[in-house]
1. Multiply the residue separation of residue 301 and residue 6 by 0.36 nm, subtract the distance between their alpha-carbon atoms, and state the gained length in nm to one decimal.
2. Which of the peptides 7-17, 182-192, 200-210 is most tightly packed, and how do the rest follow, judged by the mean count of other Cβ atoms within 10 Å per residue?
3. Quote the FRET efficiency, to the nearest 0.05, computed for residue 18 versus residue 179 with a Förster distance R0 of 35 Å and r equal to the Cβ-Cβ distance.
4. Which shape class, rounded, prolate or oblate, goes with region 70-173 when its Cα gyration tensor gives a ≥ b ≥ c as root eigenvalues, a/c under 1.5 marks rounded, and past that a/b bigger than b/c marks prolate?
5. Under a no-solvent Debye model with one identical scatterer per Cα of region 6-157, what's log10 I(q)/I(0) at q = 0.10, 0.16, 0.18 Å⁻¹?
6. In nanometres, what is the gap between the two model label sites at residue 110 and residue 322, each 7 Å from Cα along Cα-to-Cβ?
7. PRE reach from residue 131 (point 7 Å along Cα→Cβ): which of region 90-118 fall under 15 Å by backbone N?
8. If I model a spin label at residue 155 and residue 245 as a point 7 Å from the Cα along the Cα→Cβ vector, what separation in nanometres do I get?
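Read the figures in this text as sums done on the coordinates, not as results from a lab. Predicted model, so just to flag it, every value in this text is computed and none were measured. Because the Cβ atoms are built from the backbone with ideal geometry, glycine has one as well, and the counts that use them run over all protein chains shown.
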């Protein structure tokens, strides 16, 4: 997946990554699960002098301890049951290049000791081997755990922590870089959506959601919507209930009101009796009545389709629905206008 660099936060992060990549120091990448730590690690390798050499990676939490050890350091034939042939470890395979150790906080203490010796340049043996192996690799590690806390509780070696964290990079969660949500969602939709697009309201709903699963969760939501939505446009109702509920419970955004007032002033030429509305404005007509008139005119033009009307007005569908309900409760009689809603 290509990196999406829209928010200032993420642009500054990748600018820092380019500078870090030129050195040969070990880098520890911290951040929540699914926030894009591996993309940062790959960028470090891409911009480094080792970019033409091997890239290998290992998720330290995905395998039991004995398999992690054999993956990292390799083994000789007969080292254990089933070892019919020898196999080089990831350190050998990455020689001259970069090795990425994901979820490093889950590495067992015994392996932490052996890893530290290798990182300090000490030659090691394959499992069951008698010949020492040397390797020249750059270490990039990542974790979603608080390694300093693990050090305090004795679950992670302090010396290994300082060896891995020669430079630290923190990837911000998706909720802290809202500007990236839309572009990333559209990128995923382009991969899965077969020409589909998001409505303005759906995009606003996604931007309002906290995304506890970060980019990984966003990818899953987009994939589900692209498969299950009935129309070419993915609307709010196509999103998971958690996102809909978050959006429905938001207080009225000040920006929505500003956009509506702007539509009142700038959109007069787009409706049938704009000149009359201008005269009303000059005569001191109430903004509430002008809003109502403009909204009803736009709804007529869209045959009562609230999603399209909200798009033309530059407001969210939630704002439009709430205002229509207010008009109805005030006996403004808009029921016939919105009768064409899907």
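1. The span from residue 301 to residue 6 would gain 102.7 nm if fully extended.
2. In descending order of packing, they fall as 200-210, 182-192, 7-17.
3. 0.95
4. On the way: a/c = 2.10, a/b = 1.79, b/c = 1.18.
Cα axes put region 70-173 in the prolate bin.
5. After summing over all Cα pairs, the log10 values are -0.38, -0.92, -1.13.
6. Placing both labels 7 Å along Cα→Cβ, they lie 6.0 nm apart.
7. Hits in region 90-118 for residue 131 at 15 Å: 92-93.
8. 2.9 nm
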